[in-house]
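The values are calculated or read from the model by the stated rules, or taken from the named source; none is laboratory data. Bear in mind the structure is a predicted one, so any value in this text is a computation, not a measurement. Cβ sites come from the backbone with ideal geometry, for glycine too, and all protein chains shown count toward neighbours.
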Amino acid sequence: MDPKPRLLIVIDIATVILLIIATAMVLFYTPVERVMGLVQKVFYFHVAAGWAGMLGFLVATISGVVYLITSNRKYDIVGLASVEIGMVFALINVITGSIWAKPIWNTWWTWDPRLTTVTIMLFIYAAYFMLRAGIEDPERRARFGAVYTVVGFISVPLTFFSARLFRTIHPIVVGANQPGATGAFDMSPSMLQTFLVSLFTFSFIFISLLWHRVRLGKLEDKVEQLKYKTME
Amino acid sequence: MIRRTERIAKNYLRALWSVVYKDLSMELRSRELLSAMLVFALLIIFIFNFALELDVKTRSSVTSGVLWVTFSFAGTLGLNRSMSMEKDRGCLDGFLLAPVDRSAIYFGKTLSNLIFMVIMELMILPAYSILYNINLFYPGLIVVILLGSIGYTAVGTLLSSIAIQTRTRDILLPILLFPVVLPVFIASVKASSSILSAIQSHQVLQMNEIWPWINILIVYDIAFTAIAVMVFDYVVEE
């Protein structure tokens, strides 16, 4: 296996330092929100995790398109890696959101468009794993996976719009993205700084994880090839 | 030059039509697909009847939901069967050997799936009407059902041709299809229920209430047909 690239080591160290700084900022630097109290602090990592999740699915879609055009195995590895990482971050996003929503909205869950969309995305990418698990031929697995990431990703905005329309016609549920929605607040400068640092940190975590996972994927590939060789 | 494009278009349509014709004539002889879809759909309605206790009051709010759940479940049954038939009997390889554009095969399969689905729906509607003493034959509702079915079969045909080539092909199609087709489902249910509630309360249908849903359906149909045509080559290539 190739030695760990120098740049990756730098990114790893930077990620750890950034994560420590971001955590410290969330805990000690930001003020406690007046209405919501301490639970509001979940917001910084909640949005950052959502961002990293979306980034993962976006990268997966782009590498899916590139794979279909070039048929280069490398892009399949990148696609799988970013879906896996995106899933983890999207789950963190949903769980932290629920923790926040329980005291603020007085419910763990509402059928708000954002919640619905993130969850349906989790379903789409869970289906993606099941699809891959059902195919033995690596080339075909990569091809079908790429097709499904493209089809799935394009349906996501439509799901969002139809879920939003669903609500604006029937304004029953607690609002989240409308003016006067429950749980909205204005950010003070220190909040905004922490928020941006969190976004930056999570982008770094994403890049570092992706790089590690791609290296692992290449190793997996090599093992699979060696297996075929010894079987012959 | 014009004659040449004309000839190409003619050949293309002929290839498309022969796929549809093959499916229809096969179905006319065996009747296995439609009968299975129909019986399954009726069974779902019966189950709903007891699960939701469909009395007059409940019915007014859930009719469109019940109908669309029935359509989509019976639809997956049909999609899976229509594609695995191709795989089992080696038809798919025959298709791929034919010197025609692959998208003609896709459109042919989609069209025949759409025809089966619409026939099933047009038989379920009177059955539901008789069972619950409510008239469901309104042009608006038929248009919504048609638009919804187009989107459903456009994606469904693509994904079922993926699903049948996997090891887990019997269970995979609904898992792949339902999360992607959710916008169609939401839009169709909402549009149908607005139409039905306007009719039942004897009011004039407010068009501006259902236009957004119709628009979503149209956008979905166009976008996903386009994507499916673009990626279908990669799905069937060996």
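Can you tell me which residue among B:164, B:171 is among the hydrophobic types (A, V, I, L, M, F, W, C), surrounded by fewer than 16 Cβ atoms within 10 Å (Cβ to Cβ) and more than 8 Å from every other protein chain (Cβ to nearest Cβ)? Spell out the reasoning first.
Values: B:164 fails: surrounded by fewer than 16 Cβ atoms within 10 Å (Cβ to Cβ).
When all the criteria are applied, what remains is B:171.
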How many residues are surrounded by fewer than 24 Cβ atoms within 10 Å (Cβ to Cβ) and either closer than 20 Å to residue B:162 by Cβ or among the hydroxyl-bearing types (Ser, Thr, Tyr) (or both) if we restrict to region B:186-200?
3
Would you mind finding the one in A:56, A:64, A:79 that is modelled with pLDDT of 90 or more and within 11 Å of the chain's Cα centre (by Cα)?
A:56
Restrict the check to region A:38-52 and report whether at least one residue is in contact with a Pro (Cβ under 9 Å, 6 or more places away or on another chain) and over 18 Å from residue A:93 (Cβ atoms).
no
In region B:205-238, anything under 15 Å from residue B:141 (Cβ atoms) and facing chain A (nearest Cβ under 9 Å) is listed as B:209, B:213
Counted residues in region A:1-34 being of a type in the set (Ser, Thr, Tyr) and more than 18 Å from residue A:209 (Cβ to Cβ) come to 2
Does residue A:19 count as in contact with a helix residue (DSSP H, G or I) (Cβ under 6 Å, 6 or more places away or on another chain), more than 23 Å from residue A:94 (Cα to Cα) and surrounded by 11 or more Cβ atoms within 10 Å (Cβ to Cβ)?
no
Within region A:64-83, tally of residues that are surrounded by fewer than 21 Cβ atoms within 10 Å (Cβ to Cβ) and under 23 Å from residue A:160 (Cβ atoms):
1
Please verify whether region B:14-23 includes one or more residues that are loosely packed, with under 14 Cβ neighbours inside 10 Å and not in a helix (DSSP H, G or I).
no
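Can you find, within region B:205-238, the residue that is surrounded by the fewest Cβ atoms within 10 Å (Cβ to Cβ) among those that are of a type outside the set (A, V, I, L, M, F, W, C) and not in a helix (DSSP H, G or I)?
The initial filter retains those residues of region B:205-238 that are of a type outside the set (A, V, I, L, M, F, W, C), namely B:206, B:208-209, B:212, B:215, B:220-221, B:225, B:233-234, B:237-238.
Within this subset, residues satisfying the condition of being not in a helix (DSSP H, G or I) are B:206, B:237-238.
Working: B:206: 10, B:237: 10, B:238: 6.
Here the residue is B:238.
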Please work out which one of (1) more than 30 Å from residue A:134 (Cβ to Cβ); (2) facing chain A (nearest Cβ under 10 Å) is the condition residue B:159 fails and give its number.
(1)
Residues located in region A:144-165, provided they are under 17 Å from residue A:60 (Cβ atoms), within 17 Å of the chain's Cα centre (by Cα) and more than 7 Å from chain B (Cβ to nearest Cβ):
A:149, A:153, A:156, A:157
Kindly evaluate residue A:112 against the criterion of being modelled with pLDDT of 90 or more and of a type in the set (Asp, Glu).
no
Hey, among B:183, B:126, B:139, B:179, which residue is out of contact with any helix residue (DSSP H, G or I) (no Cβ under 9 Å at 6 or more places or on another chain) and modelled with pLDDT of 90 or more?
B:126
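When the residues of region B:146-156 are filtered to those that are buried (at least 24 other Cβ atoms within 10 Å of the Cβ) and within 30 Å of residue B:93 (Cα to Cα), which remaining residue is nearest to the other protein chains (Cβ to nearest Cβ)?
Going residue by residue through region B:146-156, those that are buried (at least 24 other Cβ atoms within 10 Å of the Cβ) are B:148-149, B:151-156.
Filter again for within 30 Å of residue B:93 (Cα to Cα), leaving B:149, B:151-156.
Working: B:149: 17, B:151: 10, B:152: 12, B:153: 14, B:154: 11, B:155: 7, B:156: 11 Å.
So, considering only residues that are buried (at least 24 other Cβ atoms within 10 Å of the Cβ) and within 30 Å of residue B:93 (Cα to Cα), the one nearest to the other protein chains (Cβ to nearest Cβ) is B:155.
Restricting attention to region B:176-204, report how many residues are assigned to a helix (DSSP H, G or I) and more than 11 Å from chain A (Cβ to nearest Cβ). Show your work before the answer.
So the first thing to find is which residues in region B:176-204 are assigned to a helix (DSSP H, G or I), and the list is B:176-200.
Next, from what is left, pick out any that are more than 11 Å from chain A (Cβ to nearest Cβ): B:192, B:195-200.
Residues in region B:176-204 being assigned to a helix (DSSP H, G or I) and more than 11 Å from chain A (Cβ to nearest Cβ): 7 in total.
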Residue selected from region A:84-112 under the condition surrounded by 15 or more Cβ atoms within 10 Å (Cβ to Cβ) and farther than 18 Å from residue A:199 by Cα, by the criterion nearest to the other protein chains (Cβ to nearest Cβ):
A:112
Contact list, first residue from region A:122-143 and facing chain B (nearest Cβ under 7 Å), second anywhere and small (Gly, Ala, Ser), beta-carbon distance below 6 Å, six or more apart or interchain, is A:124/A:152
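Consider region B:41-80. How many of its residues are in a loop (DSSP other than H, G, I, E, B) and among the hydrophobic types (A, V, I, L, M, F, W, C)? Break it down into steps so the answer makes sense when it comes.
Residues of region B:41-80 in a loop (DSSP other than H, G, I, E, B): B:53-55.
Add one more test, that the residue is among the hydrophobic types (A, V, I, L, M, F, W, C), and what stays is B:54.
Residues in region B:41-80 being in a loop (DSSP other than H, G, I, E, B) and among the hydrophobic types (A, V, I, L, M, F, W, C): 1 in total.
Do we have any residue at all in region B:30-47 that's within 22 Å of residue B:197 (Cα to Cα) and touching a residue at least 40 places away in the same chain (Cβ under 8 Å)? Give the derivation first.
Let us first name the residues in region B:30-47 that are within 22 Å of residue B:197 (Cα to Cα), namely B:45.
Cutting the leftovers down to touching a residue at least 40 places away in the same chain (Cβ under 8 Å) gives us B:45.
So far as region B:30-47 goes, yes, one or more of its residues are within 22 Å of residue B:197 (Cα to Cα) and touching a residue at least 40 places away in the same chain (Cβ under 8 Å).
Residue by residue, here is whether (1) of a type in the set (Lys, Arg); (2) assigned to a helix (DSSP H, G or I); (3) surrounded by 13 or more Cβ atoms within 10 Å (Cβ to Cβ); (4) at pLDDT below 90 holds:
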| position | (1), (2), (3), (4) |
| --- | --- |
| A:122 | no, yes, yes, no |
| A:140 | yes, yes, yes, no |
| A:144 | no, yes, yes, no |
| A:172 | no, no, no, yes |
| A:175 | no, no, yes, yes |
| A:192 | no, yes, no, yes |
| A:195 | no, yes, yes, yes |
So, first residue small (Gly, Ala, Ser) in region B:196-215, second residue surrounded by 11 or more Cβ atoms within 10 Å (Cβ to Cβ), Cβ within less than 7 Å, six or more apart or across chains; the pairs are B:197/B:60; B:198/B:205
If you check residue A:210 against the conditions, is it out of contact with any Gly (no Cβ under 7 Å at 6 or more places or on another chain), more than 22 Å from residue A:107 (Cα to Cα) and either at pLDDT 90 or above or more than 10 Å from chain B (Cβ to nearest Cβ) (or both)?
yes
Looking at (1) within 18 Å of the chain's Cα centre (by Cα); (2) more than 9 Å from every other protein chain (Cβ to nearest Cβ); (3) hydroxyl-bearing (Ser, Thr, Tyr), which is the one condition that is false for residue A:116?
(2)
